[in-house]
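Quick notes on the structure that follows.
Any read-out appearing in this document is the output of simple, stated calculations on the displayed coordinates, not a laboratory observation. These numbers were taken from a predicted model, which means no experiment stands behind them. Here Cβ is always computed from backbone atoms with ideal geometry, including for glycine, and neighbour counts include all displayed protein chains.
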Amino acid sequence: MATKRLTFNFPPHLIDQPVTYQLITEHNLKVNILRARITPREWGRLVVEISGKKKNLDAGLQFATDLGLDIKPLALDVQWNADKCIECTACSSVCPTGALSVERKEMHVSFDHEKCIACELCIPACPYEAMQIRF
Amino acid sequence: MSNFQVNKSIQEINEKIKSGKAVVVTAEEMIDIVKKNGGVKAAQQVDVVTTGTFAPMCSSGAFINFGPVSPPIKASKVWLNDVLAYAGIAAVDIYIGATEPSEEDPLNKIHPGAFTYGGGHVIGDLVAGKAIKLRAEAYGTDCYPRRQYEKKIRLKNLNHAVLCNPRNGYQNYNCAVNLSKKTIYTYMGVLKPNAANANYSTSGQLSPLFNDPLYRTVGLGTRIFLGGAQGYVAWPGTQHRPGVDRGDNDTPLVPAGTLMVIGDLKQMDPRWLLGVSMLGYGCSLAVGLGVPIPILDEEMARYTAVSDEELFAPIVDYSEDYPKGIGRTIEQVSYAKLKSGSFRFNGREVQAVPLSSLPRAREIAEILKKWISKGKFLLGEPQHFLPTV
């Protein structure tokens with residue numbers, strides 16, 4: 001079994017295509033949609049956790065890429081700018097997955113990309129603009 | 001005559017600092033020293049205890065003189081990067097307040113507003129050496145004929161720029177919770193419903209006024225770390241309120257003493273003055289502040305040895321009580337529990353985070369310690385003390 005957290009960026013002409021359905025039924029993949037933003041005539045964005053046999057996963061992602069989807073690993077999406085962070089820790093109380101956490105005693109903030117689901121709650125909650133999202 | 005076994009004066013301590021012999025420790029280091037050696041011995045050993053705090057302090061701002069302007073202008077309205085400054089002082093003197101939002105800001109029209117730029121950011125940008133667009137309007141007089149003025153200003157080119165914060169360094173502060181059923185957006189951060197999180201904002205055992213609870217050594221003229229430079233305590237801060245309930249160690253159980261502080265903005269460092277955007281609330285300025293406490297006697301040694309276990313914050317509801325002006329403390333919680341990351345409240349574990357940066361507070365206490373140990377920083381002798389109980 002392989003698992004990947006990815007951002008699917010849909011060009012406008014693919015918005016009405018049931019890509020997720022095809023990934024599930026034709027490639028036997030588990031798709032967990034973490035976030036979705038779909039606007040007519042604009043690029044759509046789907047944040048997914050996708051898992052299955054490595055062979056199926058590779059084939060499924062090849063299929064989606066061939067269709068015209070721009071697929072990026074989620075880890076690149078949300079960025080913690082350590083230079084701007086003053087470690088006030090306000091982000092950690094809004095982060096639902098513990099991706100942003102506080103090492104107690106020393107009270108240092110750390111950001112674990114693996115746990116981030118790009119829910120974006122931290123971005124406005126940070127008073128110092130230390131959290132950024134890159135589309 | 002004093003009843004203490006140890007009696008030191010600020011002048012004596014300053015002589016030791018000048019000769020490089022002063023013993024300086026941080027308020028965290030002092031805890032173990034007093035625990036191990038007792039107050040008297042600790043007072044003999046240690047001369048100065050350093051403190052620190054770094055957090056949004058809304059009651060902050062800077063006086064700026066942007067002259068000379070030729071032909072001269074008696075500015076009646078002034079904007080810095082579209083943030084309105086107060087111009088009702090003389091011709092080219094202004095005061096830029098930390099919480100003033102940009103005039104173009106949509107505020108809370110779409111709630112919660114982001115408040116991306118305001119007075120605190122202007123001050124932060126000035127200190128970072130960035131150019132700021134100044135725009136002034138005037139009605140024109142015989143002596144000041146000019147009616148409009150625009151200029152890019154930089155801190156290094158200004159005549160005078162003085163950080164003057166009417167209320168900083170709150171001695172204790174509320175631990176904010178939200179007892180309602182929907183998320184609220186406050187100056188204490190985002191508070192989730194049903195008291196799912198709790199936000200507090202002091203550095204606890206490192207906090208300046210927790211270490212001198214009755215203001216025995218702090219007053220007008222006390223030299224401090226302010227925004228990365230040497231500054232001064234100018235006066236009791238606004239809302240300074242010494243007469244509140246206190247614990248056996250004399251520390252207040254609710255917000256009490258405050259400091260008005262002042263310093264030369266030109267000497268300051270952007271690491272220690274930063275614009276703040278509080279979601280749904282507004283703009284502010286994060287200020288780095290550290291106060292050195294002279295250990296004059298064993299009582300000051302014991303005061304500065306106070307630890308998070310013995311300091312308590314009042315838990316206050318920001319959904320109903322605070323907006324209605326009801327000053328109710330639901331219960332007390334120790335800073336030790338708050339710093340552990342969670343505490344038991346309303347029958348469940350509540351996540352607690354500070355808005356005040358503890359790593360930065362520690363850094364300030366260490367910097368101050370270094371300055372004093374190296375003889376670069378002498379203690380200021382208060383000329384007028386803060387009102388006490």
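Assorted remarks:
- Three-way shape label, segment A:81-133, alpha-carbon gyration tensor, a/c 1.5: oblate
- Diagonalising the gyration tensor over the Cα atoms of segment B:251-339 and scaling each eigenvalue by 5 before taking the square root yields semi-axes of 26, 25, 12 Å, largest first.
- Assigned charges on the beta-carbon of Lys, Arg, Asp, Glu; segment B:135-233 dipole about Cα centre (debye): 340 debye
- Segment B:104-136 versus segment A:75-135: alpha-carbon centroid distance in Å: 23 Å
- Global dimensions of segment A:2-74 from alpha-carbon coordinates: Rg and Dmax equal 11.3, 34 Å.
- Volume per residue that the Cα convex hull of the protein assembly as shown spans, once the total is divided by residue count, Å³: 195 Å³
- Ordered by the number of other Cβ atoms lying within 10 Å of each residue's own Cβ, fewest first, A:87, B:349 fall into the sequence B:349, A:87.
- Estimated FRET transfer efficiency (residue A:32, residue B:76; beta-carbon r; R0 60 Å; 0.05): 0.50
- Quotient of C-alpha Rg and 2.2 N^0.38 Å, computed over segment A:13-135: 1.24
- The count of lysine pairs in chain A whose Cα atoms are under 22 Å apart, excluding pairs fewer than 8 places apart on the same chain, comes to 19.
- Residue ranges B:169-177, B:192-200 sort as B:169-177, B:192-200 when ordered by packing (mean number of other C-beta atoms within 10 Å per residue, highest first).
- Length-normalised contact order of chain B in % [C-alpha pairs under 8 Å, at least 6 apart]: 26 percent
- Cβ crowding within 10 Å ranks A:126, B:283, A:119 as A:119, A:126, B:283, fewest other Cβ atoms first.
- GNM flexibility winner over chain B from B:228, B:119, B:341 (Cα, springs under 10 Å): B:341
- Relative contact order (%) - criterion: Cα under 8 Å, at least six apart; region: chain A: 25 percent
- Between segment B:159-183 and segment B:72-86, the alpha-carbon center distance in angstrom: 26 Å
- Mean-square fluctuations from a GNM of chain A, with a 10 angstrom spring cutoff on Cα atoms, peak among A:40, A:11, A:73 at A:40.
- Pairs of lysine residues in segment B:121-260 - Cα separation under 26 Å, sequence separation of 8 or more or cross-chain: 8
- Residue-wise HN-Hα couplings along segment B:273-280, as the Karplus relation 6.51 cos²θ - 1.76 cosθ + 1.60 with θ = phi - 60° gives them from phi, are 9, 9, x, 10, 10, 9, 3, x Hz; Gly and Pro carry x.
- Counting Cβ atoms of other protein chains within 10 Å of each Cβ in B:189-195 and taking the mean gives 3.
- Computed from the C-alpha gyration tensor, the three semi-axes of the ellipsoid equivalent to segment B:58-127 are 25, 12, 10 Å, from longest to shortest.
- Once the Cα gyration tensor of segment B:136-230 is diagonalised, semi-axes √(5λ) in Å: 40, 26, 12
- Annotation: cysteines of the protein assembly as shown without a disulfide-compatible partner (Cβ-Cβ under 4.7 angstrom) are A:85, A:88, A:95, A:116, A:119, A:126, B:58, B:143, B:164, B:175, B:283.
- Local electrostatic count at residue B:271 - Lys and Arg +1, Asp and Glu -1, tallied over other residues with Cβ under 13 Å: -2
- Sites residue B:37 and residue B:326 - FRET efficiency at Förster radius 41 Å, r taken between beta-carbons, to 0.05: 0.35
- Debye intensity ratio I(q)/I(0), log10, segment B:302-372, q values 0.14, 0.18 Å⁻¹ (C-alpha model): -0.61, -0.88
- Net charge, residue A:99 excluded, C-beta distance under 13 Å - Lys, Arg +1, Asp, Glu -1: -2
- Phi to ³J(HN,Hα) by Karplus 6.51 cos²θ - 1.76 cosθ + 1.60 over segment B:145-151, Hz, x for Gly, Pro: x, 5, 10, 9, 7, 9, 7
- Note on the protein assembly as shown: dipole from Cβ charges, positive end direction compared against A:121, B:373, B:13; the farthest Cα belongs to A:121.
- Directionally averaged projected area (chain B, Cα convex hull): 20.9 nm².
- In Hz, Karplus ³J(HN,Hα) per residue of segment B:339-348 (6.51, -1.76, 1.60; θ = phi - 60°; x = Gly, Pro): 6, 6, x, 7, 8, 7, 8, 6, x, 8
- Residue order for B:111, A:27, fewest other beta carbons within 10 angstrom first, comes to B:111, A:27.
- Local charge for residue B:213 was computed over the other residues whose Cβ lies under 14 Å away, with Lys and Arg +1 and Asp and Glu -1, and equals -2.
- Estimated dipole of chain A in Debye, rounded to 20 [Cβ of Lys and Arg +1, of Asp and Glu -1, Cα centre]: 300 debye
- Taking the charge dipole of chain B about its Cα centre, with +1 at Lys and Arg Cβ atoms and -1 at Asp and Glu Cβ atoms, the residue from B:338, B:159, B:85 reaching farthest to the positive side is B:159.
- Shown is the FRET efficiency for residue B:157 and residue B:267, computed with R0 = 22 Å from the Cβ-Cβ distance and rounded to the nearest 0.05: 0.90.
- Farthest toward the positive end of the dipole of the protein assembly as shown, out of B:354, B:232, B:116, is the Cα of B:116, where the dipole comes from beta carbon charges about the Cα centre.
- Computed over segment B:199-273, the quotient of the alpha carbon radius of gyration and 2.2 N^0.38 Å is 1.18.
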